[in-house]
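S.K.: Take a look at the following structure, please.
The values are calculated or read from the model by the stated rules, or taken from the named source; none is laboratory data. Because the structure is predicted, anything quoted here is derived from the model rather than measured. A quick note on method: Cβ atoms are made from the backbone with ideal geometry, for glycine too, and the neighbour counts reach across all protein chains shown. Heads up: the accessible areas ignore ligands, DNA and RNA and are worked out on the full protein's heavy atoms, side chains in. Shrake-Rupley method; radii C 1.70, N 1.55, O 1.52, S 1.80 Å.
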Amino acid sequence: MSIPADNIKRAAAALQQYAALYKEQGELLAAHTPAALRQRGDGDILAYLDNLCQKGFRDECFKYTDIMQALAADYGLNLKRTPATDNPEKRYHCNVPSLGARTRYVANDVPAPDAAAAPLPDGVRFGAASEDESLAALAHTYIYNGALPVFDPRDPSDALCQLLSQDAFVVDVADGVTCSVPLQIVNVADARVPMMMNRRIAVNVGAGAALDFIVCDHSVSHCDTLSTQSMHICLGSGATLRLTFIEENASTATRFNNVKVSQGDGSRFVCNVLSLHTGLSRNTINIFQNGTQGAYAEVNGVAITDETEHCDNYVKVHHLGGMDNESRMLMKYVLGGSSTAAFTGEVYVGKDAQRIHSEQSNANLLTSDAARILSRPVLEIYADDVQCSHGSTIGKLDENALFYMRQRGIPEVEARLLLQHAFVNEVLARIEPGPLRERLSYLVEMRFRRRLKQCGSCTLCKPNKQ
């Protein structure tokens, strides 16, 4: 995909505009930013953005998504941190039956107060840096401790997020603690004018600890929005993190989600990414296994697109050293209309990494002639003792299976729905905990039936809907 010269010029102007805004509104930004997050080396980010403006941006990392066009639009920012509503719990209620998650809401970039009455489990901290100085200190530690890059130099949206974000959510699980309830963040775009929202999340799961974490993105209006999200995750030795992203956005939403993960010895990281409705969506996931022993990483995804939607998932596992580490990727897409989707799966095995086992698979189902999938599996291996494989398939519904089902009295529309759901069920079956898996299976079915509305009028997550 080539980037038009006009888009590069418009994006350069937009980047210059946001850099100028940062300099001009420095006092306002600082006034609404926790003290611990004000000193963050933004000179490096400004120099990076200036270099992009001078030289333009072309990178294989964004081969299938025109990030310059996405950044070229003129968006406002909520620098004064004005709440979108006085009662976010009621307005944005999101409920998965029997899950019992501890849920926090972030509307238009502003965290809403914690409405839960019960205390968090011992050894678990979950809140915004703006709510507590000690949380702000933790956010600074986990973002700037050097274990992970502060921002991804291949992703301009991640640099903008670090430059313009004024808060950070913190998830901290102490050594040896298993968090007894899933934690959930619901990000809501509730804008009445074009708006950019920049969010940071810092996650630390200590040695031998375990956590289920859910991050949802929703739109409740159909105004143009751009959301950037930067997540830093540190997993201690023997830690387990099951992370699920769920996206139900309006067609006017543009979303960039950048995840960086550092794994300790014997840690397990399982990430599930589900895009049920979107405008333009991009997930960038970088997993670092640097000198670790016996670490396991797994990334699974489902994307269902139609009309002119675009969904792009870029996943790279960095096996930089150590032994007996493992990584797996499984992505399944169902594309209709004139939508496009992309998957890039990269596995890098350095010369100091041995006995590495890596698998990646991307299977795609096209339900219209105009839909388009772009798939790029990549293996870069510099070690000898490894087992690495990749595969990619593109096809349509099995006509023989469809004929067989219709011969047994199943209407064609229902038969197609059943085959599509069966196609993605391999991913859904891997999702834990069980109540979340069951709810997502239901939402996927409603999406195939075209009964799942883009969130402006969605009521499917309300408790009275099953």
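S.K.: Near Gly337, within a Cβ-to-Cβ distance under 9 Å, what is the net charge of the other residues, with Lys and Arg +1 and Asp and Glu -1? Spell out each step's value before the answer.
M.R.: Working: positive: none; negative: Asp306, Glu307, Glu309.
Here the count lands on -3.
S.K.: Still on this structure, I have one more. For every other residue with a beta carbon closer than 13 angstrom to the beta carbon of Phe169, add +1 if it is Lys or Arg and -1 if Asp or Glu, then tell me the sum. Intermediate results must be reported in sequence, preceding the final value.
M.R.: On the way: positive: Arg102, Arg104, Arg125, Arg199, Arg200; negative: Asp109, Asp114, Glu131, Asp132, Asp167, Asp172.
Here the charged neighbours net out to -1.
S.K.: For Arg192 and Asp114, what does the FRET efficiency come to when R0 = 30 Å and r is the distance between their Cβ atoms, rounded to the nearest 0.05?
M.R.: On the way: r = 26 Å, r/R0 = 0.86.
Computed FRET efficiency for Arg192 and Asp114 comes out at 0.70.
S.K.: Sticking with this structure for a sec: At 1.4 Å probe size, with every protein chain present, just tell me what the per residue accessible area of the chain comes to in Å².
M.R.: On the way: 18210 Å² over 466 residues.
Averaged over the residues of the chain, the accessible area is 39 Å².
S.K.: Is the shape of region 266-314 best called rounded, prolate or oblate, per the rule: a/c under 1.5 gives rounded, else a/b larger than b/c gives prolate, else oblate, with a ≥ b ≥ c the square roots of the Cα gyration tensor eigenvalues?
M.R.: Details: a/c = 5.59, a/b = 2.83, b/c = 1.97.
Taking the square roots of the gyration eigenvalues as a ≥ b ≥ c, region 266-314 is prolate.
S.K.: Here is a follow-up. Work out from phi, with θ = phi - 60° and the Karplus expression 6.51 cos²θ - 1.76 cosθ + 1.60, the ³J(HN,Hα) of each residue of region 216-233, listed in order in whole Hz, and give x for Gly and Pro.
M.R.: Taking θ as phi minus 60°, the curve returns 10, 10, 9, 10, 10, 9, 10, 8, 4, 9, 10, 10, 10, 9, 10, 10, 10, 10 Hz for region 216-233.
S.K.: Let me ask another. How big is the gap, in Å, between the Cα center of region 95-154 and the Cα center of region 402-444?
M.R.: With region 95-154 and region 402-444 each reduced to a Cα centre, they are spaced 34 Å.
S.K.: Tell me, what ³J(HN,Hα) does each residue in region 268-278 have, in order and in whole Hz, if you take phi through Karplus 6.51 cos²θ - 1.76 cosθ + 1.60 with θ = phi - 60° and put x for Gly and Pro?
M.R.: 10, 10, 10, 10, 10, 10, 10, 10, 9, 8, 7
S.K.: Expected output is a single nm value to one decimal: the length gained when fully extending between Leu397 and Asn425, i.e. 0.36 nm times separation in residues minus the C-alpha distance. What is it? Each step should come with its number before you reach the end.
M.R.: Values: separation 28, 0.36 × 28 = 10.08 nm, distance 1.48 nm.
Between Leu397 and Asn425, full extension yields an extra 8.6 nm.
S.K.: Further question: Apply the a/c threshold of 1.5 to the C-alpha gyration tensor of region 204-336 and tell me whether it is rounded, prolate or oblate. Don't jump to the answer; show the numbers that get you there.
M.R.: Working: a/c = 2.62, a/b = 2.08, b/c = 1.26.
It comes out prolate by the Cα gyration axes.
S.K.: Note down the accessible area of Ser358, probe 1.4 Å, to the nearest 10 Å².
M.R.: Its accessible surface works out to 0 Å², give or take rounding.
S.K.: Still on this structure, I have one more. How many percent of the accessible area of the chain is carbon or sulfur, using a 1.4 Å probe? Can you show the working numbers first?
M.R.: Numbers: 8850 of 18210 Å².
Carbon and sulfur together cover 49 percent of it.
S.K.: Also, quick follow-up: Would you mind checking Lys260/Lys351; Lys63/Lys351; Lys55/Lys316; Lys332/Lys396 for any pair whose Cα atoms are more than 19 angstrom apart? Could you put the intermediate results ahead of the total?
M.R.: Values: Lys260/Lys351 22 Å; Lys63/Lys351 27 Å; Lys55/Lys316 25 Å; Lys332/Lys396 13 Å.
In this structure, Lys260/Lys351; Lys63/Lys351; Lys55/Lys316 lie more than 19 Å apart at Cα.
S.K.: With the contact rule set at Cα under 8 Å and sequence spacing of 6 or more, what percent relative contact order holds for the chain? Don't jump to the answer; show the numbers that get you there.
M.R.: Working: 1135 pairs, mean separation 48.7, N = 466.
Relative contact order here is 10 percent.
S.K.: Could I ask something else about it? Among His390, His93, His318, what's the order by accessible area (1.4 angstrom probe), most exposed first?
M.R.: Working: His390 95, His93 50, His318 25 Å².
Reading off the accessible areas and sorting them downward yields His390, His93, His318.
S.K.: Within 10 Å, Cβ to Cβ, of Leu241, how many net charges do the neighbouring residues add up to if Lys/Arg are +1 and Asp/Glu are -1?
M.R.: With Lys, Arg at +1 and Asp, Glu at -1, the neighbours total +1.
S.K.: What's the extension gain from Gln17 to Thr82 if we count 0.36 nm per residue and subtract their Cα-Cα distance? It would help to have the intermediate numbers written out before the result.
M.R.: Values: separation 65, 0.36 × 65 = 23.40 nm, distance 2.21 nm.
Extra length available between Gln17 and Thr82 comes to 21.2 nm.
S.K.: Report for region 83-239 the percent antiparallel among DSSP-assigned beta bridges with both residues inside it, nearest 5. Write down the numbers at each step before the final one.
M.R.: Working: 7 of 37 bridges.
Percent antiparallel among DSSP bridges in region 83-239 is about 20.
S.K.: In whole Hz, with x marking every Gly and Pro, tabulate ³J(HN,Hα) for region 347-354 from phi via Karplus 6.51 cos²θ - 1.76 cosθ + 1.60, θ = phi - 60°.
M.R.: Calculated HN-Hα couplings, in order: 10, 10, 10, x, 5, 8, 9, 9 Hz.
S.K.: Helix-only mean residue ellipticity at 222 nm, the chain, DSSP H runs n ≥ 4 weighted -39,500 (n - 2.57), per residue, nearest 500. What is it?
M.R.: On the way: 10 runs with 112 residues, N = 466.
The per-residue figure over the chain is -7500 deg cm²/dmol.
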